[in-house]
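Worksheet: one structure, shown below.
The values are calculated or read from the model by the stated rules, or taken from the named source; none is laboratory data. None of the values given here were measured: they were computed from a predicted structure. Don't worry about glycine lacking a Cβ; one is built from the backbone with ideal geometry, like all the others, and counts go over all protein chains shown. SASA here: full protein model, heavy atoms, side chains in, ligands and nucleic acids out. Shrake-Rupley method; radii C 1.70, N 1.55, O 1.52, S 1.80 Å.
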Amino acid sequence: MADVKVKKESTDAVDIENRIKALCQQFPHGITDQVIQNDMPQLEAQQRAMAINRLLSLGQLDLLRNSSGLLYRMKDAQTASKMKGSDNQEKLVYQVIEDAGNKGIWSRDIRYKSNLPLTEINKILKNLESKKLIKAVKSVAASKKKVYMLYNLQPDRSVTGGAWYSDQDFESEFVEVLNQQCFKFLQSKAEVARDSKQNPMVQRNSSFATSHEVWKYICELGISKVDLSMEDIETILNTLIYDGKVEMTIIAAKEGTVGSVDGQMKLYRGVNPIIQPTGLVKAPCGLCPVFDDCHEGGEISPSNCVYMAEWLDF
């Protein structure tokens, strides 16, 4: 009779563990103790704790911490093999860094989320770096600070600065070359349209180019050592719009058309003013995209405005 009782308790424990794992799969970002209570209200706190502790000891669950308390999350098999032999503190720091994704996380934020002493965090970070589980990446947003992310991740553009930065230095000459070549391509397309001797409306329409056409032209030139995206080229084209050298229009496009996004396509054309505007009209403030944020003493102000300095020096 006693053997039957032991067998029944063991089966119940397995059922509880399986249900907790099922809840974790249903909520991949993690579940709280309250979620388990709501799903299995008949369980006593001791039964719940025993099942959770067993799953943690078997390495099937991860224990995380957020603003609302502890979270339990299903552990990835690949991650489990990587973290074999690590203590709970090291596993916790690894999970915090993993949750940050390819944008990374500062050591200060790791400390806040893990509630571990800074000296202990620094020790764990060095250990994880030596195992090639994580890496430190310098951020363009704060040159003296490093963010940590998983070793195999490609850093987000907000961290590296994208194509416009090299070793945290803004490549102003490279941007200027791209600016000139994009404008040159649009000018040549406009000249071909004018030489066609067609009616003005047809000439105007044929002078437009898609951002994909400009991107393809720049790629074929081979002037960039890094792979440029259409988004990069549109950023350059936007600077030409702000400089009054290019205009843009948006048209409807069939789904799947090259260069279209959400059924829309951006078209660009080079423009030349009929007469040169007067000095006051050339003031950069009229076309400035951050005009509303510009004020003396702020991060953007007339005293440190490059465009204003160039205009006053004309």
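At a glance:
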{"read-out": "Total residues in segment 95-112, condition out of contact with any Asp or Glu (no Cβ under 7 Å at 6 or more places or on another chain) and under 23 Å from Q154 (Cβ atoms)", "value": "12"}
{"read-out": "Unmet criterion (only one of (1) open to solvent by less than 50 Å² (accessible area, probe 1.4 Å); (2) closer than 28 Å to E310 by Cα; (3) under 22 Å from the mean Cα position of the chain (by Cα)) for T235", "value": "(1)"}
{"read-out": "Residue in segment 50-57 that is at pLDDT below 80, assigned to a helix (DSSP H, G or I) and open to solvent by 40 Å² or more (accessible area, probe 1.4 Å) present", "value": "yes"}
{"read-out": "Pairs with Cβ under 9 Å, 6+ apart, first in segment 204-222 and free of Cβ contacts under 8 Å to residues at least 12 places away in the same chain, second surrounded by fewer than 17 Cβ atoms within 10 Å (Cβ to Cβ)", "value": "C219/D227"}
{"read-out": "Residue count for segment 94-118, restricted to those that are over 11 Å from L64 (Cβ atoms), modelled with pLDDT of 85 or more, in a helix (DSSP H, G or I) and among the hydrophobic types (A, V, I, L, M, F, W, C)", "value": "3"}
{"read-out": "Segment 280-297 - residue that is in a helix (DSSP H, G or I) and within 29 Å of the chain's Cα centre (by Cα) and, of those, modelled with the lowest pLDDT", "value": "L287"}
{"read-out": "Residue within segment 177-191 that is among the acidic types (D, E) and modelled with pLDDT under 85 present", "value": "no"}
